[in-house]
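Below is one structure, written out as structure tokens; the observations come after it.
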Amino acid sequence: PIRSIFAEKKGMRHFPMFIICMLIVEILGAQTYYSPQSLQNQNRIYSDHIQTVILHPEGDPLGMPILPLEGSQALQLQFDDLEGSYKVYKYTVIHCDASWNISLLRPNEYIDGFDYDEIRDYAYSFNTTIPYTNYQLLFPNDRMRLTQSGNYLLVVYLEEVDKPVFTHRFMVYENKVRIEQFSQGRASLPSFMQSSQEVDFRIRPGKYSIPAPARDLKVMIMQNGRWDNTIMLKQPRNITQEYLDYDFEEENLFEAGNQYRPLDIKSVRYRSERIADIAYLSDGYHIYLKPDEVRAGKPFRSEPDINGKRLIKTEDMQRSEVEADYTHVHFSFPFPYPLAQGSIYIIGELTGNELQPFARMTYNYNTSQYEAVLLLKQGYYNYMYIMVPEGKSKGETASTEGNHWEAPNEYILLVYHREPDDAFDKIIGYFLSQQ
């Protein structure tokens, strides 16, 4: 792939250098998952002063950043710069394959318009203890439109594209195939019946041609927007003339988990249900949550949640985007002993639904609990605790939250297709399940 890029010098002038560097890293197999200095094709913030990066469909603040290729629907981006002054932020988008490796498409093959543009919509915070500048963007727009479906990485940077301040994933799909007979529920295998959920479905191609589905088709299943435990099905179980059957017994199993834990910090004037104390210190508001108990081995309790999402909102002021304050939220998770072969992370949209270094908890031997402090903008959040075994990049809920097959989870299906003559993966089908 590197030779093919360097082969044409003229095209190199339009190819961002940091993409080439990332390709080299990917090809050499460098393992930099936990390095904050390395670029990652995931939801990641690289600057300490950037907070609350939110990307969702316009008008749907709880939606995943997924939009159709056809039509006028746009994604809305907003983020805060806690240094408080105005800066000329720019953005670009990078096309990725089904595995989130950078594809070999050049920008002019998936972008109609400018390869990059400035973020012009900004406003200063008002009457907050921690000052910040709020930036917003709607895209695609008249200056940049997308011409291909697939996985994309949004890159926001200042002066140099190879030094981004943050990256964020989003997906663009086409309605080429139908996903039908979807079901989610108790696992079929006896050993997983109490702890796991099975996701079954069929794909009906209709008039869309897929000559070799076992070779060219992939289906990604995502649970509650989490990126650490996605499942990629590389071939169907059965193939007929009318449909592709994905009715498995083990390949499509997810830990069922539990209801997400709620966090209401819409106001700093009163204590909501989970708040033990609110203090105003020299560096701003500090909110101390009541200790969260381990729920493994305890009966399932059905309580409403928003499947790990967040909603930025303040009840103390009028305009949440620029009048919501930032708070230092103290999490505590009592645990009888520190894990020798694993770590505890906080996960949810408040961490980009990724395993973030800042959300890795530290064990306090004096209090016998895991602790972490997150800087969060006022709003309503869902979160949970997951255990990540040493050397792994997938979190488990069995020892922290418990697993209950009845847990109401949200699943997203994305169907990827790479045609024989193409060097990239399209998304030809999308399905959202809600319980």
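Carbon-plus-sulfur accessible fraction, the stretch 314-435 (probe radius 1.4 Å, protein heavy atoms only): 47%.
Seen from Gln73, the other residues with C-beta closer than 11 Å to its C-beta sum to a net charge of -3, counting Lys and Arg as +1 and Asp and Glu as -1. Per-residue ellipticity at 222 nm computed for the chain from its helices equals -1500 deg cm²/dmol, with DSSP H segments shorter than 4 residues left out and the rest contributing -39,500 (n - 2.57). Electrostatic tally near His328: other residues with Cβ closer than 13 Å to its Cβ, Lys and Arg +1, Asp and Glu -1, net -3. Computed extension gain for Ala212 through Ile231, at 0.36 nm per residue and net of the alpha carbon distance, reaches 4.8 nm.
Taking every protein chain into account, the accessible area of the stretch 341-433 amounts to 35 square angstrom per residue (probe 1.4 Å).
In this structure, Glu251 and Phe114 have a Cβ-Cβ separation that, at R0 = 41 Å, corresponds to a calculated FRET efficiency of about 0.45. Spacing of the modelled spin labels on Thr147 and Ser433, each 7 Å from Cα toward Cβ, amounts to 3.7 nm. The relative contact order of the chain comes to 16 percent, based on Cα pairs under 8 Å that sit 6 or more residues apart. Amide H contacts of Phe166: Tyr46, Val156, each under 5 Å away and 5 or more positions distant or on a separate chain (H built 1.01 Å from N in the peptide plane; Pro and chain starts excluded).
Straight Cα distances below 27 angstrom link Lys298 to the lysines Lys290, Lys309, Lys392, Lys394, with same-chain residues fewer than 8 positions distant left out.
By the rule of a C-alpha distance below 27 Å, with chain neighbours fewer than 8 residues away ignored, the lysines paired with Lys176 are Lys207, Lys218, Lys234, Lys426. Arg106 contributes an accessible area of around 70 Å² to the protein surface, as traced by a 1.4 Å probe with all chains present. For the pair Ala398 and Ser368 in one chain, pulling the backbone fully straight at 0.36 nm per residue adds 8.8 nm over the alpha carbon distance. A cut-off of 5 Å between modelled amide H atoms, ignoring neighbours fewer than 5 places along the same chain, links Tyr370 with Phe333, Phe335, Asn364.
Here the simple spin-label model places points 7 Å from the Cα toward Cβ, and for Arg204 and Leu138 these points are separated by 3.6 nm. Counting 0.36 nm for each residue step from Gln318 to Asn238 and taking away their Cα separation leaves a gain of 23.3 nm.
Just name one of Gln356, His328, Pro389: the one whose Cα is farthest towards the positive end of the charge dipole of the stretch 240-391 (beta-carbon charges, Lys/Arg +1, Asp/Glu -1). Of the options given, the answer is His328.
For the stretch 277-331, the per residue solvent-accessible surface stands at 53 Å², with DNA, RNA and ligands left out and a 1.4 Å probe. Split the accessible area of the stretch 91-209 by element, probe 1.4 Å, and carbon with sulfur accounts for 46%.
Charge tally for Tyr285 (other residues, Cβ to Cβ under 15 Å; Lys, Arg +1; Asp, Glu -1): -3.
The values are calculated or read from the model by the stated rules, or taken from the named source; none is laboratory data. The model shown is predicted, which means the values in this text are computed figures rather than measured ones. Positions of Cβ are backbone-derived with ideal geometry, glycine not excepted, and every protein chain shown enters the neighbour counts. These accessible areas exclude ligands, DNA and RNA; they are computed on the full protein's heavy atoms, side chains included. Shrake-Rupley method; radii C 1.70, N 1.55, O 1.52, S 1.80 Å.
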